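Remarks on the structure that follows.
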Amino acid sequence: MAKPLVDFHCHLDLYPDFSALVEECEAQRIYTVGVTTTPRAWPRNHSLASPTRYVRAALGLHPQLVSEQASELTLWEEYLPQARFVGEVGLDAGPRFFRSLQLQKEVFERILRQCAQAGGKILSVHSVRSAKAVLDLVEKHLPADRGRVVLHWFAGSASDARRAVLLGCYFSLNAQMFQTDAQRQLIAALPLDRILTESDGPFTKTGARVTRPGDVARVGGMIARARGCDANEVAVTILSNAKALIT
Ligand code: MN
């Protein structure tokens, strides 16, 4: 039997066949973190994921929605004791969301502090054009012994990446992150024991169709090629990294 796969960041609830997809991840033995964009999605995600062995729901408040939904922070806080996984959270300083950046920082700081206080949470963190600001807040508010940060679709500089490693962060990598030499070099320099795979479906494409969690199989091969190492060694390490966080 093939080894289990790892999809550490997938918006399962944004696929038209959400509940069937949860069953598919379970049947195909894909360790999947189903992130959410609003805490209103938590109850259904939590109830579908809880009985499974491989799927985990994450309690999110997406930075791109903060300008309209900052008031949902209260609901997020209410559900936090039920959640071991938190995400999607973080900052987005891209042109469309730059206006709300100050509010995003306030919300993210509050989220990090609540996670630090609770302890033992695992966060899937968005950092578009804001790697430094994300790391500043993580360094200040969520020490590595109070929670684990997984940087999803990290696009910061090589020095941001080194700093993130020193802060104890993990990196979940998807197929679209291998497009340039600079990105491949950055990925090749990450410690293998901090690497995970993700689909970020349904926001990514595999060929002409929407990516599904099982497509992470090919990301392991891309990591191996970027690093010039054995694909089987990469797959085994990613699985053990994920198991150490999930189980
Ligand atoms: Mn996402």
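Residue count for the stretch 125-150 under the criterion of being surrounded by 21 or more Cβ atoms within 10 Å (Cβ to Cβ), closer than 22 Å to residue 98 by Cα and of a type outside the set (A, V, I, L, M): the result is 3.
List every residue pair whose Cβ atoms sit under 9 Å apart, with the two residues 6 or more apart in sequence or on different chains, where the first one lies in the stretch 1-23 and is under 26 Å from residue 236 (Cβ atoms) and within 16 Å of the ligand (Cβ to nearest atom) and the second, anywhere, is part of a helix (DSSP H, G or I) and of a type in the set (Phe, Trp, Tyr). Cβ pairs passing all conditions: 12/18. Screening the stretch 66-77 for residues that are over 20 Å from residue 121 (Cβ atoms) and buried (at least 16 other Cβ atoms within 10 Å of the Cβ) and picking the one that is farthest from the ligand (Cβ to nearest atom) gives 70.
Checked across the stretch 199-214, the condition of being in a strand (DSSP E or B), in contact with a His (Cβ under 9 Å, 6 or more places away or on another chain) and buried (at least 22 other Cβ atoms within 10 Å of the Cβ) holds for no residue. For the residues 122, 111, the requirement of being of a type outside the set (D, E, K, R) and surrounded by fewer than 24 Cβ atoms within 10 Å (Cβ to Cβ) singles out 122.
With the requirement that a residue be in a loop (DSSP other than H, G, I, E, B) and either within 12 Å of residue 123 (Cα to Cα) or within 16 Å of the ligand (Cβ to nearest atom) (or both), what does the stretch 94-109 give you? Give the derivation first.
Going through the stretch 94-109, the residues in a loop (DSSP other than H, G, I, E, B) turn out to be 94-97.
Within the stretch 94-109, 94, 96, 97 meet the criteria.
For the stretch 161-168, check the following and say yes or no: at least one residue is under 30 Å from residue 211 (Cα atoms), of a type in the set (D, E, K, R) and not in a helix (DSSP H, G or I). Checking the stretch 161-168: not a single residue is under 30 Å from residue 211 (Cα atoms), of a type in the set (D, E, K, R) and not in a helix (DSSP H, G or I).
Filtered by the rule that a residue be surrounded by fewer than 24 Cβ atoms within 10 Å (Cβ to Cβ) and aliphatic (A, V, I, L, M), the stretch 31-44 gives a lone residue, 41.
Read-outs throughout are calculated quantities, based only on the coordinates presented, and are distinct from any laboratory measurement. None of these values were measured; they are calculated from a predicted model. Because the Cβ atoms are built from the backbone with ideal geometry, glycine has one as well, and the counts that use them run over all protein chains shown.
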